[in-house]
Every structure is written in structure tokens, then in C-alpha cells.
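Below you'll find the structure, written out as C-alpha cells, and then a few comments.
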Amino acid sequence: MKVLVIEKDLVFLDFVKRYLKREGCICESATTYKEAFKKINNHEYDCVILEPEIAGGDGLQLIKILRAEDIQTGIIVTSARNTLHDRIQGLNLGADDYLGKPFDISELHARMKAILRRKTNFFKNDLHFGDLIIRQHERTVLAQQTPLKLTKKEYNILLFLVRNKNRIMTKESIAEHLWGDDMDDAVSFDFIYAHVKNLRKKLVEQGCGDFLKTIYGVGYKFQST
């Protein structure tokens, strides 16, 4: 599960991230409205954990942005503002859950998994692009009706690009999608180039169009030829 934690309290933020990483999650974080806005516009998450009171803006407005784009990300509001009015406001804006602080971290994780289970049907749908069929529930790809053998990283890159078709995705955004904030200190993204090169080769050899376009100096775009 890939998670974005939006939180102003750095100590609490570090605690949540360390716990979720131990549970196998890929975690990214944002401490300001500007940073959170950039991440939700450039990346895809299974769940967003959101503290409304962050520097630079009202965190609840981020819920509106996500839902206006019909993005299926799970959203959990975590706040010390835990009155009935606050909870209703968050849920009416489109949050899936509202958890008042303080709370037990294991309860947060349980609620995240419950949301993901409810949304599973959305991610079971096959994705179609030209001669490609991505069967998300099986994590398999058909090209020209023939199974395409991909590594885990190649599959995840292909899925990310197809879900964001016709958009330029930077090498940084691809790396962060696969590894989260652990990529912050990376000095080179050559490994992304290698994965994309192998993925493109397999697609072309299978008889697909050359959908994967290189935007030199920036990143990649998945679009029809």
C-alpha cells in the first residue's frame, strides 16, 4: 500500500511513517499545504492520511481536489478537532474516515486496510490501452492477447504510466511512486532509465505500438502513436 501522510507534527509524522513502513507500506509525507498539493497532483496513492491544520492552507481543501478529479484514493482525516461538526464536515467533503487524536496507531492501520478492502473492486477492473490489457487483480499484462513477462518493477512502472496516460511523468515521480520518500537522497535515476528501456523493448518485441515516449530531460509519457 502506498500512503501519503500529511502532518504538521514532525515527531508524530516520523512515528506514523516508521510504523507503517514496518507494516510493509510505502510512505511519503508532506508538512505544508503547498507540498501536499504538489504530491497529490503528481503521484498516485492508495491512502492519504490528512491533518487539516497544516501550514499554508486548509488541509480539508485537499479532499475537494482529490474528489473533484474522481480519484479513488482512500482518505482518513486525523485531527484533534473531533467534534461532531468537524467529523461531519470532513466526511461530507469526501473523506472515507475521520479519526480523532490521540488514537492508537494500530487502529489507524486497521482503518486503512478496511478502506482499501472497500475500494478493491475499483482496482480489479482491467485497464485497456491499444493492444494492451492490464489485469490488475492478477497483476498480469496481455499484449496482442499474449501474456507479457514483466518484472515487478516493470509492471509497476507500466501500470503507473497507463493510469496517467497522456501525462508527462518525471523520472522523480516514477521513482517516488515505486519507493516513496526513501528516494529523496538518490543522486541518480539511471535505474529508472534501465527499467523503462527493458519495458519498452518487451512491448515492441511483442508487437505493440511504441506507446512509451521519452521526454528528454524530463521523463516519460504513455500515449498512442
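Details
- The combined condition, being touching a Leu at 6+ places or on another chain (Cβ under 7 Å) and loosely packed, with under 14 Cβ neighbours inside 10 Å, is not fulfilled by LYS38.
- Cβ separations smaller than 7 Å between residues 6+ apart or across chains give the following pairs from segment 132-148 residues that are on the phi < 0 side of the Ramachandran plot to residues that are among the hydroxyl-bearing types (Ser, Thr, Tyr): VAL141/TYR155; PRO147/THR140.
- In segment 55-68, the count of residues that are in contact with a Ser or Thr (Cβ under 9 Å, 6 or more places away or on another chain), under 18 Å from HIS177 (Cα atoms) and surrounded by 15 or more Cβ atoms within 10 Å (Cβ to Cβ) is one or more.
- Checklist (1) surrounded by fewer than 19 Cβ atoms within 10 Å (Cβ to Cβ); (2) in contact with a helix residue (DSSP H, G or I) (Cβ under 6 Å, 6 or more places away or on another chain); (3) closer than 30 Å to ARG18 by Cβ; (4) at pLDDT 85 or above applied to GLN136, failing item: (4)
- Flag for ASP96 being out of contact with any Lys or Arg (no Cβ under 7 Å at 6 or more places or on another chain) and closer than 24 Å to ILE65 by Cβ: yes
- Selected residue (criterion: surrounded by the most Cβ atoms within 10 Å (Cβ to Cβ)) from residues of segment 69-100 that are out of contact with any strand residue (DSSP E or B) (no Cβ under 6 Å at 6 or more places or on another chain) and under 21 Å from TYR19 (Cβ atoms): SER79
The values are calculated or read from the model by the stated rules, or taken from the named source; none is laboratory data. This structure is a prediction, so every number in the text was calculated from the model and none was measured. We place every Cβ from the backbone using ideal geometry, glycine too, and count neighbours over all the protein chains shown.
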